[in-house]
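Step one of this worksheet: look at the structure below.
The values are calculated or read from the model by the stated rules, or taken from the named source; none is laboratory data. These numbers come from a predicted model, not from an experiment. Methodologically, a virtual Cβ is constructed for each residue, glycine included, from the backbone with ideal geometry; neighbour enumeration extends over all protein chains shown. Heavy atoms of the whole protein, side chains included, go into the accessibility calculation; ligands, DNA and RNA do not. Shrake-Rupley method; radii C 1.70, N 1.55, O 1.52, S 1.80 Å.
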Amino acid sequence: MAAPEAADIRLAVMNDAIRPGPENPSQAAGLPQVSVVVPTFNERDNVTVLYRRLAATLAGIAWEVVFVDDNSPDGTWEVVRGLARQDQRVRCIRRIGRRGLSGACIEGILASSAPYAAVIDADLQHDEKLLKPMLEKMREGATDVVIGTRYAEGGSTGSFSSGRKWISVTATRVANIVLGRKLSDPLSGFFMLRRDVVEDIAPKLSTQGFKILLDIVATARGELRVKEIPFTFGSRLHGESKLDSMVALDFLGLVLAKLTHDVVSLRFLLFAMVGSIGLFVHLATLFVALEFFNVPFAEAQAAGALVAMTSNFILNNFLTYRDQRLKGFGILRGLLLFYLVCSVGLLANVGVAFSVYDQEPIWWLAGAAGALMGVVWNYAMSGLFVWRKR
């Protein structure tokens, strides 16, 4: 039996471990007042420049910077680790097997230690000098989010081409419809917010896509107090833009998800869209096999199903699950598993369709119910077995 003195010591240690810290963040010695979260991918030439600018801009303020790197092939994370060895205010999260700006921002904010978190791009196109006035507005206590805006008076899109500006303005209008409120730049990638805002809604946020601010404000459903500060969007100093044609699709998926109050996820919408394309592929293959090669219907139907499943797998690997994209031998293994999953999904489709038709002999209702059951099954099982996170 342990001596009373030893038991008392252990109890005291446990009490110290579970005792909450000071409620006022300023009472905690050395606690950063603002955490700057920087998502990166192939930005090794920019991170040191950004770090130096942050150090100059935030002089006199307790701060930290959290670089969240998606395992950049150019070794961005190595440069950040070098900075971290020189300055303990620099932190690096190297993500393996995960991709996406929104997910990086969420992980960075949740890993931060300051009461306020700012998100800024590593490409040096955002004006880091605004971080101080942003923090001042946050400290006033009447604001949950401060947005750096390109479209308010005094702001500018800088070197945007007329086409890119039109797309951005149009997307902004669509975003405001989703939000049910008018913000000048709800798609901005430069903002500061209370960290506990993200803590509360993190499970509901999408880790896909690029428009994390829109997702945060929409998920909060009008409860956030927002202020805006104009800034001029700068030019990239090094490297190339990571935005591609997938951004528009991500944005559309996020809009649809928020309009349905997150009943369906962005990934599910993309999966269903790919499935719709697969239907056309199936019918086209069936038509060609029957009309041009005189293949018996059963064989033609099987060929159509096989081609459709193959095209669905390729599109899902490239689009729906691109943050978990299979490579090398994993592609063949994943394809075989996808065939198996979809084969079972087909049985579920037919079973549900027959059951509905038996209760209510309306062919289109039965067909739609079966198709919905099939896509839900395929989506759930694909996430579990084909593109499961490792």
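Figures for the structure shown
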item	result
The stretch 264-390 shape via C-alpha gyration tensor axes, a/c threshold 1.5	oblate
Sites Ile331 and Asp45, calculated FRET efficiency, Cβ-Cβ separation with R0 30 Å, nearest 0.05	0.40
Rounded, prolate or oblate (a/c below 1.5 giving rounded, otherwise prolate when a/b exceeds b/c) for the stretch 109-246 by Cα gyration tensor	rounded
Solvent-accessible area per residue, Å², over the chain with all protein chains present [probe radius 1.4 Å]	52 Å²
Packing rank of 40-47, 162-169, where each peptide gets the mean count of other beta carbons within 10 Å, highest leading	40-47, 162-169
Percentage relative contact order, the stretch 264-353, counting C-alpha pairs under 8 Å, at least six apart	28 percent
Per-pair calculated FRET efficiency, R0 = 25 Å: Leu31 and Arg53 via Cβ, rounded to 0.05	0.65
Mean projected area (nm²) of the alpha-carbon convex hull when the stretch 136-184 is viewed from all directions	4.4 nm²
Accessible area of the stretch 100-212 belonging to carbon and sulfur atoms, whole % at 1.4 Å probe	52 percent
Residue-span extension gain [Leu283 to Asn176] - 0.36 nm each, minus C-alpha spacing	34.6 nm
Phi to ³J(HN,Hα) by Karplus 6.51 cos²θ - 1.76 cosθ + 1.60 over the stretch 133-150, Hz, x for Gly, Pro	x, 4, 4, 4, 5, 5, 5, 5, x, 9, 9, 9, 9, 10, 10, x, 10, 8
Straight-distance crosslink candidates among lysines, where the alpha carbon sits under 23 Å from Lys327 and sequence neighbours closer than 8 are dropped	Lys242, Lys389
DSSP beta bridge pairing in the chain, given as percent antiparallel to the nearest 5	25 percent
Fully extended contour minus Cα-Cα distance, from Ser184 to Phe160, at 0.36 nm per residue	7.0 nm
Mean-position separation - Cα centroids, the stretch 329-370 and the stretch 304-322, in angstrom	16 Å
Contact order relative to length of the stretch 178-220, as percent, for alpha carbon pairs under 8 angstrom and 6 or more apart	52 percent
Förster radius 35 Å - calculated FRET efficiency between Ile362 and Phe318 (Cβ-Cβ, nearest 0.05)	0.45
Mean separation of Cα contacts under 8 Å, 6 or more apart, over the residue count of the stretch 151-235: relative contact order %	49 percent
Leading residue at positive end of dipole, the chain (Cβ point charges), from Ile216, Met273, Ala303	Ile216
Sequence-distant lysines (8 or more away, or on other chains) whose Cα lies within less than 26 Å of Lys182	Lys129, Lys132, Lys137, Lys165, Lys204, Lys211, Lys227, Lys258
Mean-position separation - Cα centroids, the stretch 185-204 and the stretch 86-161, in angstrom	10 Å
